[in-house]
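Reviewing the structure listed below.
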Amino acid sequence: MGILIKNPEAERAVRELAELTGESLTTAVEVAVKERLEAKRNEARPHRPRSVAEMDAITKKYLTPEALAGLLPPITKADFDELNEIPGYDVSDS
C-alpha cells in the first residue's frame, strides 16, 4: 500500500534525506519514521493520578494484620517515594 505526499516541503525534505543518505525514498522514509517512533516511545509518559482502586490496594498493603500488630517495619521515605513515583522521572537528575 502506498502513500501520497501532497506537501511540497515534505517531499523536498524526503528527497534531500534520500540523497544525503544514498537510500531510496522508501528506505529514507521508513528509517526516519522508525527513528521518530522509537524516540516518541522512549519519552517519559505524563504522570497519571492513581485511581481509587489503586490507592485502596496500596492502603490495604500497609493495613494487614501484621502491620497493625507492629510486626512489619515502619513505613520509610523510600516507601512513600515508591508510591509517588512518576514514570520516567529520575530524582537523581535534579
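A few notes on this one:
- Checking each residue of the stretch 12-24 against the condition of being surrounded by fewer than 10 Cβ atoms within 10 Å (Cβ to Cβ) and either assigned to a helix (DSSP H, G or I) or not hydrophobic (A, V, I, L, M, F, W, C) (or both) gives at least one match.
- Output for the stretch 29-44, where each listed residue is in contact (Cβ under 8 Å) with a residue 40 or more places away in the chain and either under 24 Å from GLU19 (Cβ atoms) or surrounded by fewer than 10 Cβ atoms within 10 Å (Cβ to Cβ) (or both): GLU43
- Candidates ARG36, ARG15 - the one that is over 22 Å from the mean Cα position of the chain (by Cα), within 30 Å of ILE3 (Cβ to Cβ), basic (Lys, Arg) and modelled with pLDDT of 90 or more: ARG15
The values are calculated or read from the model by the stated rules, or taken from the named source; none is laboratory data. All figures in this text were calculated on a predicted structure; none of them were measured in a lab. A quick note on method: Cβ atoms are made from the backbone with ideal geometry, for glycine too, and the neighbour counts reach across all protein chains shown.
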